[in-house]
Amino acid sequence: MKTGNLWDIFCKVIDNYGDIGVCWRLAVGLAARGERVRLWVDDASALRWMAPEGAQGVEVRPWTQPIQTDGLTVGDILVEAFGCEVAPEFIASYAYNKRATGQNAVWINLEYLSAEGFVERSHGLPSPVMSGPGIGLIKHFFYPGFTTGTGGLLRETDLTERQARFDRAAWLQQLDIGFQGERLISLFCYEPPALGALLDQLAADTQATRLLVTAGRATAAVKAGIKDKYRSRPSWNQRQALSFSYLPTLTQRDFDHLLWSCDLNFVRGEDSLVRALWAGKPFVWQIYPQHDDAHHSKLEAFLNVLHAPPSLRTFHHAWNGVSQAALPALAPSQWQETVSAIRTLQLQRDDLVTQIMRFALKTIKI
Ligand code: TRH
């Protein structure tokens, strides 16, 4: 495809880091392939620690109300991330420009990652705009996913080379983690109901474990859990089999390094799930909870795509509060093969940036 197109990606930060995390990765991926990107975001604060150095070819713009469109060069491709509803004044000038130049509009609705069946059915579908300043334009749904009929997963072109070059010992030292050969487990989570049970399990294990706890909600949850334990059972970690390292906020690159360094990763939301998959180590996923428990079927669909063995399924059910059963024992050695298999399979598929660029070009030419 011809490169050098100008992409306008719109992102609204609802909560947590996934929306901006995915949009940033997409923007950087496009720029790395010669595209130009403007990322319009209502709250760019997380980028200060996720990507403090920015990226060549990506311009982060504040999504002000309204956006000042006077004198703005309209881009070629418009991406609306996660149904964030692009600013009407921007749509008006985009639509005006496309009509005036006779160029096809490319307005892509980027959706959340899911392994559910509707993703294949909905990926690529057109949705004519029936009202508002964009009336007459056609939006297209773009669904990331795990199967060939979907938009794929975000993956950098140099991912496997970076992994091959990675020096685990040096990275741990750089982070001041006093690693002494113990099992390393990363923890990026919300407030899992079984967190207390996990801490007990690790403290009771004959194998020493260091839990690398990510900043924010995971740190708050672990500290609260430990406090509770000391209050009710002061001897819960008497042998000190379980130790803790509380991490600062990491750049997205260092977040990968964390996952590559650990023997087991606990991740949450969609973006870190994909990073855990690329890391290729056994992982446990806490799915983003939805009010109507819609996340239960989403979790099940993912476990099916993963071909998760029974021990991994039951662990996920307890970790996510889908079942009230006691947290089963961790069995990472039984899970390794499953993770390696999905990683190998997904590495053979076209990544999301390749696919979205192909999709945009096709739509421009229609
Ligand atoms: O933060 P999340 O829980 O994001 C969630 C989900 O995406 C959810 O679907 C969405 O609806 C909700 O946000 C609004 O988890 P996720 O998706 O894994 O995103 C985390 C991002 O933060 C990811 O890009 C990795 C990055 N990260 C760092 O770069 N450094 C860090 O230290 C940590 C802990 C995370």
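If you scan segment 282-320, which residues turn out to be more than 28 Å from Gln252 (Cβ to Cβ) and within 16 Å of the ligand (Cβ to nearest atom)?
If the condition is that a residue be more than 28 Å from Gln252 (Cβ to Cβ) and within 16 Å of the ligand (Cβ to nearest atom), then His291, Asp292, Asp293, His296, Ser297 are the ones that fit.
Given (1) out of contact with any strand residue (DSSP E or B) (no Cβ under 8 Å at 6 or more places or on another chain); (2) surrounded by fewer than 21 Cβ atoms within 10 Å (Cβ to Cβ); (3) within 24 Å of Phe82 (Cβ to Cβ); (4) not assigned by TED's automatic domain parsing to the domain that holds Tyr17, where does Arg343 come up short, assuming only one miss?
So Arg343 meets the others, but not (3).
So is Leu250 of a type in the set (A, V, I, L, M), in contact with a helix residue (DSSP H, G or I) (Cβ under 9 Å, 6 or more places away or on another chain) and touching a residue at least 40 places away in the same chain (Cβ under 8 Å) or not?
Taking the combined requirement at face value, the residue satisfies it.
Any chance you could count how many residues in segment 151-174 are of a type outside the set (Asp, Glu) and surrounded by 17 or more Cβ atoms within 10 Å (Cβ to Cβ)?
Of the residues in that region, 6 qualify.
Filter segment 88-106 down to the residues that are surrounded by 20 or more Cβ atoms within 10 Å (Cβ to Cβ), in contact with a Pro (Cβ under 9 Å, 6 or more places away or on another chain) and of a type in the set (A, V, I, L, M, F, W, C) and list them by number.
Across segment 88-106, the qualifying residues are Phe90, Ile91, Ala95.
With the requirement that a residue be among the hydroxyl-bearing types (Ser, Thr, Tyr) and at pLDDT 95 or above, what does segment 326-366 give you?
Ser333, Thr338, Ser340, Thr344, Thr354
Only one of (1) in contact (Cβ under 8 Å) with a residue 60 or more places away in the chain; (2) assigned to a loop (DSSP other than H, G, I, E, B) is not met by Gly34, so which one is it?
Exception for Gly34: condition (1).
Give the residue, chosen from Leu159, Leu187, Leu202, that is in contact with a strand residue (DSSP E or B) (Cβ under 8 Å, 6 or more places away or on another chain) and under 30 Å from Val353 (Cα atoms).
Result of the check over Leu159, Leu187, Leu202: Leu187.
Looking at Ile356, is it surrounded by 14 or more Cβ atoms within 10 Å (Cβ to Cβ), in the same structural domain as Ala115 (by TED's automatic domain parsing) and of a type in the set (A, V, I, L, M, F, W, C)?
Yes; evaluated as a whole, the condition is true for this residue.
Residues being assigned to a loop (DSSP other than H, G, I, E, B), within 15 Å of the ligand (Cβ to nearest atom) and either among the aromatic types (Phe, Trp, Tyr) or crowded, with 16+ Cβ neighbours inside 10 Å (or both): count how many of those fall in segment 178-194.
Summing the residues that are assigned to a loop (DSSP other than H, G, I, E, B), within 15 Å of the ligand (Cβ to nearest atom) and either among the aromatic types (Phe, Trp, Tyr) or crowded, with 16+ Cβ neighbours inside 10 Å (or both) in segment 178-194 gives 4.
Let me spell it out: the conditions are (1) within 23 Å of the chain's Cα centre (by Cα); (2) modelled with pLDDT under 95, and Gly178 meets all of them except one. Which number is the exception?
So Gly178 meets the others, but not (1).
Hey, does segment 49-71 have a residue that's under 18 Å from Lys139 (Cα atoms), more than 22 Å from the chain's Cα centre (by Cα) and not hydrophobic (A, V, I, L, M, F, W, C)?
Checked against the condition, which is being under 18 Å from Lys139 (Cα atoms), more than 22 Å from the chain's Cα centre (by Cα) and not hydrophobic (A, V, I, L, M, F, W, C), segment 49-71 yields no hits at all.
Considering only residues of segment 2-50 that are more than 14 Å from the ligand (Cβ to nearest atom) and β-branched (Val, Ile, Thr), which is surrounded by the most Cβ atoms within 10 Å (Cβ to Cβ)?
Per the stated criteria, the residue is Ile9.
Tell me yes or no: at least one residue of segment 161-173 is over 23 Å from the mean Cα position of the chain (by Cα), more than 30 Å from Thr249 (Cβ to Cβ) and not polar (S, T, N, Q).
No; the residues of segment 161-173 include none that is over 23 Å from the mean Cα position of the chain (by Cα), more than 30 Å from Thr249 (Cβ to Cβ) and not polar (S, T, N, Q).
Of the conditions (1) surrounded by 13 or more Cβ atoms within 10 Å (Cβ to Cβ); (2) touching a residue at least 24 places away in the same chain (Cβ under 8 Å); (3) at negative phi, Glu59 clears all except one; give me its number.
Result: Glu59 passes all but (2).
Somewhere in segment 318-340, is a residue surrounded by 15 or more Cβ atoms within 10 Å (Cβ to Cβ) and of a type in the set (Asp, Glu)?
Among the residues of segment 318-340, not one is surrounded by 15 or more Cβ atoms within 10 Å (Cβ to Cβ) and of a type in the set (Asp, Glu), which makes the answer no.
Quick grid of which residues meet (1) out of contact with any strand residue (DSSP E or B) (no Cβ under 8 Å at 6 or more places or on another chain); (2) more than 16 Å from the ligand (Cβ to nearest atom):
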| residue | (1), (2) |
| --- | --- |
| Ile77 | no, yes |
| Ser93 | yes, yes |
| Lys98 | yes, yes |
| Asn109 | no, no |
| Tyr112 | yes, no |
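What residue, among those in segment 9-59 that are β-branched (Val, Ile, Thr) and in contact with a strand residue (DSSP E or B) (Cβ under 9 Å, 6 or more places away or on another chain), is nearest to Asp256 (Cα to Cα)?
Step by step, filter segment 9-59, then rank; the result is Val22.
The values are calculated or read from the model by the stated rules, or taken from the named source; none is laboratory data. Keep in mind that this is a model prediction, so the values were computed, not measured. We place every Cβ from the backbone using ideal geometry, glycine too, and count neighbours over all the protein chains shown.
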